[in-house]
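The values are calculated or read from the model by the stated rules, or taken from the named source; none is laboratory data. Keep in mind it's a predicted model, so treat the numbers as computed, not measured. Counting neighbours? That spans all protein chains shown, and the Cβs are built from the backbone with ideal geometry, glycine included.
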Amino acid sequence: MFPARDRSSPASLEYSPAVARATAPLYERVARVVPEMEWPIHAPYIAAINALKRDLNAVILAHNYQTPEIFNCVADVVGDSLSLAREGAKTSAKIIVMAGVHFMAETAKILSPEKTVLIPDARAGCSLAESITGADVRLLRQRYPGVPIVAYVNTSAEVKAEVDICCTSANAVQVVESLGAPEVICLPDEYLAQYVASRTKVKIITWHGHCEVHERFTGEQIRLLRQGQDNLVVLAHPECPQDVLAEADFVGSTAGMSDYVGIHSPKRVVLITECSMSDNVAIQYPEVEFVRPCNLCPHMKRITLPKILHALETMTTEVMVAPEMARRARLSVERMLAVGLPRA
Ligand code: SF4
C-alpha cells in the first residue's frame, strides 16, 4: 500500500523508509534499466502518484515511448496511442492522465467524452501531428475531388474529423484496400504512405509529414550497426525512411515489434524506433540482448513523474475536444475499427 502524501509537508516527497518499502517491488521490476542511484529520486513521486490516483479514481495511460519509471511503475494501461484510448474508455475511472503527447490525449477524450482527460504537459506535441491541419485536409479534398482520405491516428482531432477513415501503422494497407478506390490520399506520414504504396496496387497520394524521431535513422546507420554484430535482428517502424526499411528484417508497429521479440526470441535485436521502447521491451524479455541507438522523442520526454503528480494534484491541463468535432473524429476511428485491427 502506498502511503498518502501530506501536501503541507515538504518532507512528503522524501525517500523515507516507508516509501522505500512500498516501492521496493517496483524497483525490482525496472532494476535492469533504471540505475539504483536514481531510485531515491523517482520513488517518492511513484508512491505519491499511486496513492493519489487511487483516491481520485484516476488511471494513467502510458505510451510505449515513456520512460521505464513511468511505463512500469505508475501506468495502469500501456501500449500504442489507439490501444491506450480504447482501454482507457473501458475503465470505470473518472479521470484519465495521458502520459503521452497531445494528440493521444485528444484521442482518449474522443473515445471517453464523459471522462476528464489530463495531459501533464500541454506542450507535449508531435512533429507528425502538427504537419497538417483540418484546413489542409479541406484543400486536399478540393484538389483531389472524390479521392478518399486516410489519416494515421497520429493526427489531431480536427484532422481526424475531416478525413474519411483513420488507420494505424499496423492496419494501414488493410484500411487503404478496404476503400475499393483506385487512388487514396494517405496522410500525414510520407514514409508510412510510401511503405503502404510498396505493398498495394492502390495509387497512394502522400503528404510531407515526418516523425522527427524516425526520420533521423538512415540505411547507412543500420549497415554500420550490423558490422561485427553477428545475428543482429533489425526491427523497424514504418515511420522510418524507405532506405531504413530496406535494411530491416521486420517492419511493424510498436506492438508488432514487441510481439516479434516475444515470438522469435532473437539473441540480439535492435528496435529502430524511439529509445525508451527498447528499455520497456527489454524488461519483458531479459534473455534478449538489445542494441540501443538512442533517438529520443523530445515531446514524449516532456512527461515526467513530477508533472504527472502535479496534474493529479491540480487537475491540469484538461484536454477538451468540441462535441461535434469529437463526434466526426470518432466516426473516422470507428470506421477503421470496423475494418479490423491486426497487431502487426
Ligand atoms: S515519436 Fe514521432 S510520432 Fe511519436 S510523438 Fe514523437 S514526434 Fe510524434
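The table for this structure:
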| read-out | value |
| --- | --- |
| Criterion (within 16 Å of the ligand (Cβ to nearest atom) and surrounded by fewer than 24 Cβ atoms within 10 Å (Cβ to Cβ)) met by exactly one of Asp121, Asp164, Asp136, Asp76 | Asp121 |
| Condition check for Gln242: at pLDDT below 95 and more than 25 Å from Leu331 (Cβ to Cβ) | no |
| One residue from Gly219, Gly262, Gly252 being within 15 Å of the chain's Cα centre (by Cα) and among the small types (Gly, Ala, Ser) | Gly252 |
| Considering residues of the stretch 265-277 that are away from the ligand (no atom under 16 Å from the Cβ) and either at negative phi or not small (Gly, Ala, Ser) (or both) only, the residue farthest from the chain's Cα centre (by Cα) | Lys267 |
| Close pairs from the stretch 264-286: first touching a residue at least 40 places away in the same chain (Cβ under 8 Å) and under 16 Å from Asp249 (Cβ atoms), partner away from the ligand (no atom under 16 Å from the Cβ) and assigned to a loop (DSSP other than H, G, I, E, B), Cβ under 7 Å, at least 6 apart | Ile272/Ala248 |
| Residue that is of a type outside the set (Ser, Thr, Tyr) and modelled with pLDDT of 95 or more, where the choices are Arg292, Arg199 | Arg199 |
| Output for the stretch 210-247, where each listed residue is within 16 Å of the ligand (Cβ to nearest atom), part of a loop (DSSP other than H, G, I, E, B) and either of a type in the set (A, V, I, L, M, F, W, C) or out of contact with any helix residue (DSSP H, G or I) (no Cβ under 8 Å at 6 or more places or on another chain) (or both) | Cys211, Glu212, Val213, Phe217, Cys240 |
| The stretch 235-257 residues that are touching a residue at least 12 places away in the same chain (Cβ under 8 Å), paired with ones that are of a type in the set (Asp, Glu) (beta carbon under 7 Å, 6 or more apart) | Leu235/Asp249; Glu239/Asp189; Pro241/Glu215; Ser253/Asp80; Thr254/Asp80; Ala255/Asp80 |
| Odd one out for Ala89, checked against (1) within 13 Å of the chain's Cα centre (by Cα); (2) away from the ligand (no atom under 14 Å from the Cβ) | (1) |
| Test: residue in the stretch 147-160 that is surrounded by 24 or more Cβ atoms within 10 Å (Cβ to Cβ), small (Gly, Ala, Ser), outside the structural domain of Gly262 (by TED's automatic domain parsing) and within 14 Å of the ligand (Cβ to nearest atom) | yes |
| Some residue of the stretch 44-64 being within 16 Å of the ligand (Cβ to nearest atom) and among the hydroxyl-bearing types (Ser, Thr, Tyr) | no |
| Qualifying positions in the stretch 140-185 - over 27 Å from Met257 (Cα atoms), assigned to a loop (DSSP other than H, G, I, E, B) and either touching an Asp or Glu at 6+ places or on another chain (Cβ under 7 Å) or among the acidic types (Asp, Glu) (or both) | Val147, Pro148, Asp164 |
